[in-house]
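The structure under discussion appears below in the form of structure tokens.
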Amino acid sequence: MSKNHDALLSQLPARLKSARLDKSLSLEAVSRLSGVSKSMLSQIERGESSPTISTLWNLTRALQVDFAGLLEAKEEPSRIAILRSGAVPTITMNNSGCRVRILSPPEDAGSLEIYELAFERGGALESQPHAIGTTEHLTVTEGCLTVISGEASETLNQGDTARYAADVTHSISGDDKSRAVLIVMNPRKLG
């Protein structure tokens with residue numbers, strides 16, 4: 001037997017179980033529909049017994065799945081989620097000279113948010129206080145930016161990173177065109 005054939009057979013128990021669960025059927029229900037004993041079904045799904053062609057045929061009919069499709073090699077889904085550049089949500093702040101690209105997934109909003117910031121000459125991003133304990137981590141990737149957090153103020157050059165409280169009034173501004181990556185973290189919602 002070929003390695004590919006062996007690989008398909010090793011996946012058969014999981015594929016049969018998945019087909020049964022997709023139909024929300026119990027082992028007992030599939031047993032009644034297929035004529036295959038409940039204990040044999042359980043053994044097949046655990047990979048402890050290999051079904052005969054006849055048994056497999058009865059199971060595929062009961063589960064209403066394609067016999068050939070059950071044995072076909074399936075492509076593994078990619079474990080890399082891609083959000084192409086043109087699909088990244090972008091917010092242009094009115095009259096602020098700042099464009100914000102939202103890089104983090106929407107389900108992370110309020111706990112861990114990642115943004116790409118692009119400032120025009122004289123652009124600024126001014127923010128009201130976030131939830132207590134929230135911090136921002138700003139890394140300048142191009143140009144020069146000034147960060148104000150509460151009463152503190154610092155100027156950052158390309159490659160510099162600032163970590164500061166965001167649970168107070170804060171702002172980021174640039175005298176010239178600048179770009180940065182901003183990470184907003186609320187530790188109370190992260191864990």
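The values are calculated or read from the model by the stated rules, or taken from the named source; none is laboratory data. What you see is a predicted model; the values in this text were computed from it and never measured. Don't worry about glycine lacking a Cβ; one is built from the backbone with ideal geometry, like all the others, and counts go over all protein chains shown. These accessible areas exclude ligands, DNA and RNA; they are computed on the full protein's heavy atoms, side chains included. Shrake-Rupley method; radii C 1.70, N 1.55, O 1.52, S 1.80 Å.
Checking each residue of the range 76-83 against the condition of being within 30 Å of ALA165 (Cβ to Cβ), open to solvent by 70 Å² or more (accessible area, probe 1.4 Å), free of Cβ contacts under 8 Å to residues at least 40 places away in the same chain and in contact with a strand residue (DSSP E or B) (Cβ under 9 Å, 6 or more places away or on another chain) gives no match.
Of all residues being surrounded by 14 or more Cβ atoms within 10 Å (Cβ to Cβ) and among the polar types (S, T, N, Q) in the range 127-140, which is modelled with the highest pLDDT? Just the residue, please. Per the criteria, the residue is THR139. When ASN94 is tested against (1) touching a Ser or Thr at 6+ places or on another chain (Cβ under 9 Å); (2) without any contact (Cβ under 8 Å) to a residue 12 or more places away in the chain, exactly one condition is not met: (1). Would you be able to tell me the number of residues in the range 142-183 that are open to solvent by 70 Å² or more (accessible area, probe 1.4 Å) and not in a strand (DSSP E or B)? Selection size over the range 142-183: 6.
Mind checking which residues of the range 31-58 are among the acidic types (Asp, Glu) and open to solvent by 70 Å² or more (accessible area, probe 1.4 Å)? Please lay out each step first, then the result.
Step one: list which residues in the range 31-58 are among the acidic types (Asp, Glu), which gives 45, 48.
GLU48, the sole residue that qualifies.
In summary, SER104 fulfils each of the numbered conditions (1) open to solvent by 60 Å² or more (accessible area, probe 1.4 Å); (2) assigned to a loop (DSSP other than H, G, I, E, B); (3) at pLDDT 80 or above with the single exception of condition (1).
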